[in-house]
Amino acid sequence: MQFSGLIIPLGFLAIFYFLIIKPQKTKEKKIKTMRDNLKVGDEIVTIGGIFGRVVKVRDDILTIEVGADKTKLTMAKWSVGNLVNENEDEDIEKAGA
């Protein structure tokens, strides 16, 4: 009888966890794995919207080539937002399915 007032708040907490917190943690883990597995030749997009190709990978630093004149930019790994070639592979698989 005393715990009946806690059932609804605990239910909301459980729903909040499974709908918001857990998917966010899964997404963060996927992004971290993608950044840790970057290799030379990968086409990337930075979180600032710059498209480039990875030419050098060191610890937490990347060097990418950008544009037709192949300008080299050095940046932190955490600034990588997405892999371009990974998305193209997924799009091809979806189109073929």
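For this structure, a couple of remarks:
- Extreme residue, positive dipole direction of the chain, given options 55, 76, 9 (C-beta unit charges): 9
- Theoretical ellipticity at 222 nm over the chain - DSSP helices of four or more residues, -39500 (n - 2.57) apiece, nearest 500: -13500 deg cm²/dmol
- Full extension of the chain segment joining residue 43 with residue 15 gains 6.3 nm, where the gain is 0.36 nm per residue of separation less the Cα-Cα distance.
- Modelled spin-label separation between residue 8 and residue 30, with each label point placed 7 Å from Cα along the Cα-to-Cβ direction: 3.5 nm.
- Count, lysine Cα pairs under 25 Å in the chain, 8 or more residues apart or across chains: 28
- All-pairs Cα distance distribution in the chain, expressed in whole percent, bin size 5 Å: 2, 11, 17, 15, 12, 10, 8, 6, 5, 4, 4, 2, 1, 0, 0
- Extending 7 Å from Cα along the Cβ direction at residue 77 and again at residue 58 yields two label points whose distance is 1.4 nm.
Every number in this text was worked out from the coordinates using simple rules, so none of it is lab data. None of these values were measured; they are calculated from a predicted model. Note: ideal-geometry Cβ built from the backbone for every residue, glycine included; neighbour counts use all protein chains shown.
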